[in-house]
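Reviewing the structure listed below.
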Amino acid sequence: MKNVLKVVVQRKERSLWQIIVMILASVVLINYLITLCNLLGERYAGIASLGILLISLALCTLIIIRFLSSFAYILDDDKIVFERLLGNRSNIILSVNLSEITKISTYSEIEKNDNIAYTYKFVCDREYDKMYVCDFERESKKYRFIFKPSDRLLELIEKSMKNLSRDSL
C-alpha cells in the first residue's frame, strides 16, 4: 500500500495594523540612519548610506523568507520530503528515508547532543507541545529535524517505520 500525504504548516497571519506599523517603523529607522550618515561628511556619507541600503535589502530578504514562507511535509511511502513554500515557488530542503530515522520524540523530550551535525527546523510558530524531533543518520553523520506533523502524518510515519523495521528483520 502506498502512503502519500501532504501537510502544509503556515505562520499565523498578522493583522493589517501590525504590518503597517512594522513597515513605518523600518522606514523611519532607515531614514534616521541615513540622516546620521550625513553628519559624517561628504567623503563617508555616500559610502555609509550605500552600506545601510545594502544591509536593509539583506534584512528585508531575510524577513520576507522568515515571515512569508511556509513548509510542506510530504510523506511518500518510505520517505518524507520537506519543502519551503514562498508564494507559488517551492524548494525541497530535505528528503529523508524513513529507514534513516533512528529516533522520533516530542520536542519536550529533546536531548542535548553534541554529535548532531545540523538541526533542520521546519516550523513556523512556537507551539512546542505540538512539535516533534527526529534524529537520523546519513553518511555516518547524525542530523536532526524539528517539525509539527498532523496526527495523521505522525500515525503514518510511525506505521511506516514499524513496517520497515519488521521487513529488515
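All of the numbers you see were taken from the coordinates with simple rules; none came from a lab. Keep in mind that this is a model prediction, so the values were computed, not measured. As a convention, Cβ positions derive from the backbone with ideal geometry for all residues, glycine included, and neighbour counts pool all protein chains shown.
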### Query
Length gain on complete extension for the stretch Leu57 to Ser150, per 0.36 nm per residue less the alpha carbon to alpha carbon distance?
29.9 nm
### Summary
Here, Lys130 and Asp77, labelled 7 Å along Cα→Cβ, have an inter-label distance in nm of 3.1 nm
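For segment 16-68, report the translational diffusion coefficient in µm²/s to the nearest whole number, using Stokes-Einstein at 25 °C, 0.890 mPa s, and a Kirkwood Rh over Cα pairs. Walk me through the numbers on the way to the answer.
Values: Rh = 12.1 Å.
Taking Rh from Cα pairs, D becomes 202 µm²/s.
Taking the Cα centre of the chain as origin, sum charge times position over the Cβ atoms of Lys and Arg (+1) and Asp and Glu (-1), and report the length of that vector in debye to the nearest 20.
Numbers: 24 positive and 20 negative charges, 53 e Å.
Dipole size: approximately 260 debye.
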### Message
At 222 nm, what value in deg cm²/dmol follows for the chain if DSSP H runs of at least 4 each add -39500 (n - 2.57) and the sum is divided by all its residues, to the nearest 500?
### Response
-14000 deg cm²/dmol
### Task
May I ask you to compute the full-extension gain from Ile34 to Tyr120, defined as 0.36 nm times their residue separation minus their alpha-carbon distance, rounded to one decimal in nm?
27.3 nm
### Message
Once you place label points 7 Å from the Cα toward the Cβ at Val4 and Ala45, how far apart are they in nm?
### Response
6.2 nm
### Message
Using 5 Å bins from zero, what percent of all Cα-Cα pairs in segment 100-169 falls into each bin?
### Response
3, 15, 25, 25, 19, 11, 2, 1
### Message
Are there DSSP H segments in the chain that both extend 27 Å or more along their axis (alpha-carbon positions) and score a mean Kyte-Doolittle hydropathy of at least -1.0? List them, or say none.
### Response
16-37, 42-68
### Cα extents of the chain along the three principal axes, largest first (Å)
75, 37, 29
